[in-house]
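Each remark here refers to the structure printed beneath this line.
The values are calculated or read from the model by the stated rules, or taken from the named source; none is laboratory data. This one's a predicted model, so the numbers in the text were calculated from it and none came from an experiment. Reconstructed Cβ throughout: ideal geometry from the backbone, glycine too, with neighbour counts over all protein chains shown.
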């Protein structure tokens, strides 16, 4: 029995999001690697060299996201995914076999390039394959699989930490080498899955585009009313876009509708880094120490945090298409704000190391877990969902590329600033994230329209004609009706044939 079409789309999205596993795994594993006794013995890195091991990865990811924009338009979505996976394999191999820090830096940079390509192209590919009613949950797989990668990294790191002697390089090489496995599967098998029908139609292959739409939505039946209606809508939208072709990235800044979408996508990606997702964990190790949790036990508690994130991300997959994008993002930022307020109060009243108040320490840990749940259920997944669905076909690859570059740029900035800021002003640094989470919520309440369940081809009308200040919108006026109308028209034309 053939899978229901929406299940097939979901499973294609699951496979494509192996690229996110690579990102999550690397984020989770590198802290263990640079702290491994065998790594420190072999390389004896300075503090600056240790920081560089982390930062060259995000620098590479920034470059990868930039490259993925034109590559996605020229090569197609699948070939770009394969290219990103292959680059990551090369980087992972260099890291695993590194004999000097120079080789390690090169491997980290290349792995970052691969991750940047995949983080940009995979949500776009998922959005273009999916039915509007499940597009959110399919694209949310990006964050969920990132969480899977982080969880795997946590337990694998724990296993290699306790399973290898401190003099054995396997303590860090094993955990670095394992990350290549999902990349190999992704590169080897992605071409077995369908190309984006929108990319095919946009590149003068309408017959292939129609067949792909039919495979995705109707078990290959090209006469299906939904398939015919969506094919017609995509063709009309792309014909219009070709008449107003985005010749360069400059068009994204000159066209009012394009710039509105680009600004929202970049603001969203920047806002994610300004939620304090990195800073909230800063005091965790010292507070674990206060409670007598040290060494490999710390890895267990970090793994618990990863499980909490994964549960939250799974709930997002289940519910995001029911509750939409706008209000979950607003409420998520407000939830983050509240957790930072509580964390700031706890740190101000009970500074780590200044007392032995284990109740306060447990309170802080629970707050960090609560923040992790709030972020992982809302802001994290939505940072991938919204940029992938708001652009039209002519600007989608370019726009998502710039938004992803913004994410990695702010990620790098926060990573460089957090440690010196914490040492200089301590918990007061958290004031920044209290303010940012609140202003994030206010900004998205004012300027982000609801995009859930809206066909991609109807985003152009929404962002071109709808009011800039969203609370003044009449939701009924901007309801999605075009695709449904087309489906009914196709059905009406088919009735005489069906009856006869």
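Data for the structure
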| quantity | calculated |
| --- | --- |
| Residue in the range 382-405 that is touching a residue at least 60 places away in the same chain (Cβ under 8 Å) and not in a helix (DSSP H, G or I) present | yes |
| Boolean, residue 56 is within 19 Å of the chain's Cα centre (by Cα), surrounded by fewer than 22 Cβ atoms within 10 Å (Cβ to Cβ) and over 25 Å from residue 379 (Cβ atoms) | no |
| Test result for residue 98, in contact with a helix residue (DSSP H, G or I) (Cβ under 6 Å, 6 or more places away or on another chain) and outside any helix (DSSP H, G or I) | yes |
| Total residues in the range 31-70, condition in contact with a helix residue (DSSP H, G or I) (Cβ under 6 Å, 6 or more places away or on another chain) and without any contact (Cβ under 8 Å) to a residue 40 or more places away in the chain | 2 |
| Hey, residue 453 at positive phi and within 20 Å of the chain's Cα centre (by Cα) or not | yes |
| Residue match in the range 2-16 (condition: free of Cβ contacts under 8 Å to residues at least 40 places away in the same chain, outside any helix (DSSP H, G or I), over 23 Å from the mean Cα position of the chain (by Cα) and surrounded by fewer than 22 Cβ atoms within 10 Å (Cβ to Cβ)) | yes |
| Qualifying residue in the range 71-86 (condition: surrounded by fewer than 19 Cβ atoms within 10 Å (Cβ to Cβ), within 28 Å of residue 375 (Cα to Cα), touching a helix residue (DSSP H, G or I) at 6+ places or on another chain (Cβ under 7 Å) and in contact (Cβ under 8 Å) with a residue 24 or more places away in the chain) | no |
| Looking only at the range 460-483, and only at residues there that are in contact (Cβ under 8 Å) with a residue 40 or more places away in the chain and closer than 23 Å to residue 333 by Cβ, the one that is surrounded by the fewest Cβ atoms within 10 Å (Cβ to Cβ) | 468 |
| Selection count where residues are more than 19 Å from the chain's Cα centre (by Cα) and either in a helix (DSSP H, G or I) or farther than 20 Å from residue 195 by Cβ (or both), scope the range 111-135 | 1 |
| Which numbered condition residue 192 misses (of (1) touching a helix residue (DSSP H, G or I) at 6+ places or on another chain (Cβ under 8 Å); (2) surrounded by fewer than 24 Cβ atoms within 10 Å (Cβ to Cβ)) | (1) |
| Residue selected from the range 202-214 under the condition free of Cβ contacts under 8 Å to residues at least 40 places away in the same chain and touching a helix residue (DSSP H, G or I) at 6+ places or on another chain (Cβ under 8 Å), by the criterion farthest from residue 7 (Cα to Cα) | 206 |
| Looking only at the range 170-188, and only at residues there that are farther than 16 Å from residue 20 by Cα and surrounded by fewer than 16 Cβ atoms within 10 Å (Cβ to Cβ), the one that is farthest from the chain's Cα centre (by Cα) | 170 |
| Restricting the range 233-253 to residues that are at pLDDT 90 or above and surrounded by fewer than 18 Cβ atoms within 10 Å (Cβ to Cβ), the residue that is nearest to residue 377 (Cα to Cα) | 253 |
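Okay, residues lined up against (1) outside any loop (DSSP other than H, G, I, E, B); (2) within 30 Å of residue 368 (Cβ to Cβ); (3) touching a strand residue (DSSP E or B) at 6+ places or on another chain (Cβ under 6 Å):
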{"site": "436", "(1), (2), (3)": "yes, yes, no"}
{"site": "446", "(1), (2), (3)": "yes, yes, no"}
{"site": "458", "(1), (2), (3)": "yes, no, no"}
{"site": "467", "(1), (2), (3)": "no, no, no"}
{"site": "471", "(1), (2), (3)": "yes, no, no"}
{"site": "476", "(1), (2), (3)": "no, no, no"}
{"site": "483", "(1), (2), (3)": "yes, no, no"}
{"site": "491", "(1), (2), (3)": "yes, no, no"}
{"site": "494", "(1), (2), (3)": "yes, no, no"}
